[in-house]
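K.L.:
I'd like to ask some things about the structure below.
The values are calculated or read from the model by the stated rules, or taken from the named source; none is laboratory data. Nothing here was measured: the structure is a model prediction, and the numbers come from that model. Here Cβ is always computed from backbone atoms with ideal geometry, including for glycine, and neighbour counts include all displayed protein chains. The accessibility values were calculated without ligands, DNA or RNA, using every heavy atom of the protein model including side chains. Shrake-Rupley method; radii C 1.70, N 1.55, O 1.52, S 1.80 Å.
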Amino acid sequence: MDFSVESLHAAEKKINSEILGLMKAVNVSSVTDLKKSALNKLHKPPLVDFLSNIVELLDTSLSLCKAAASSVDEMKTKVMDTQKQLITRQQEELASVKDTVQNEMKSWADVVKKSEKQTRQLTTKSVKEAVKAVTEEGERSKNLIIYGAMDDEAAELGFPIKFDGAKEAFTSICDEIECPDLEVEYCTRIGEWKSDRTRPIKVRFRKAADVATMLRSASKLKSTEEFKKVYLAPDRTPEQRAAHSKLVNQMKELIKVDSSKYYYIRDNKIKCTDKI
């Protein structure tokens, strides 16, 4: 039996109905009055019917409890998996920062051997660039870019950007992929409106984990008529966008060669699996 709130309410309604029927049969006004002396008033046939119904309801309630326990275990497993994914992502980000710092320190040590003057210049510049890169990466991790969502026609009439329909489009997309409870700082279109193109939408979340949640559910959009051309992506740097575009072109060539497999990009690598 599958657990649902509706089935739980239905079982509760049937149990209450049986108890009320029994109270009426023995002429008592409260459940606490259903004692042995009151139940002795019942003849055998009504008592048998009541016991039969109660046994059936108890069996149904037991099945509901088992189904509820199974649902709780499943939700617990999903929560633990999500926590593991977040921990893994944090570890990867920390490892990336560590590698960056180590590489910069190695560069610094190598330059020291050449010239004190060059070392001072490189140290200052490299440290600033490394800190800037890490900071920007952390900020970008909270951003989501939405491509292909139709522009609001109000933009064509010269209204301010706050009427650009970005929030409405984002809300509709969240409803479609079932991601309603996300903490958003702002949501707006990027660039000026033009009739021959659709501006991307930039969404800023309070937590990077919300970006990961949206990206995991993005594939659901392909099965809808309204959003089948909408594409969700992380906020990449120009260099990252160029590298990703190169991978996409390579993946298209692989599909031409062998379309029997499902190709996808993960961790900046092209991977494939058999189609289901």
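K.L.:
Within the range 165-276, what whole-number % of the accessible surface is contributed by carbon and sulfur, with the 1.4 Å probe and all protein chains included in the calculation?
P.N.:
On the way: 3670 of 7500 Å².
The value for the range 165-276 is 49 percent carbon and sulfur by accessible area.
K.L.:
Taking a threshold of 28 Å on the Cα-Cα distance, which of the pairs K142/K167; K76/K261; K66/K271; K202/K261; K13/K220 fall above it? Spell out each step's value before the answer.
P.N.:
Working: K142/K167 17 Å; K76/K261 33 Å; K66/K271 40 Å; K202/K261 32 Å; K13/K220 37 Å.
Correct reply: K76/K261; K66/K271; K202/K261; K13/K220.
K.L.:
Rolling a 1.4 Å sphere over the protein heavy atoms, what is the accessible area per residue of the range 214-255, to the nearest Å²? Each step should come with its number before you reach the end.
P.N.:
Numbers: 2790 Å² over 42 residues.
For the range 214-255, the solvent-accessible area averages 66 Å² per residue.
K.L.:
Rounded to the nearest 0.05, what FRET efficiency is calculated for M75 and T188 with R0 set to 35 Å and r the Cβ-Cβ distance?
P.N.:
The computed FRET efficiency comes out at 0.50.
K.L.:
Could you work out the local net charge near I54, counting Lys and Arg as +1, Asp and Glu as -1, over the other residues with Cβ closer than 15 Å to its Cβ?
P.N.:
Details: positive: K13, K14; negative: E12, E18, D49, E56, D59.
Within the 15 Å Cβ shell, the charges total -3.
K.L.:
In whole percent, what relative contact order does the range 228-273 give with Cα contacts below 8 Å and a gap of six or more residues? Present the calculation step by step, with values, prior to reporting the outcome.
P.N.:
Details: 23 pairs, mean separation 12.5, N = 46.
Reported relative contact order: 27 percent.
K.L.:
Hey, another quick one. So what is the diffusion coefficient of the range 167-265 in µm² per second by Stokes-Einstein at 20 °C and 1.002 mPa s, using a Kirkwood Rh over Cα pairs?
P.N.:
Details: Rh = 15.5 Å.
Answer from the Stokes-Einstein relation: 138 µm²/s.
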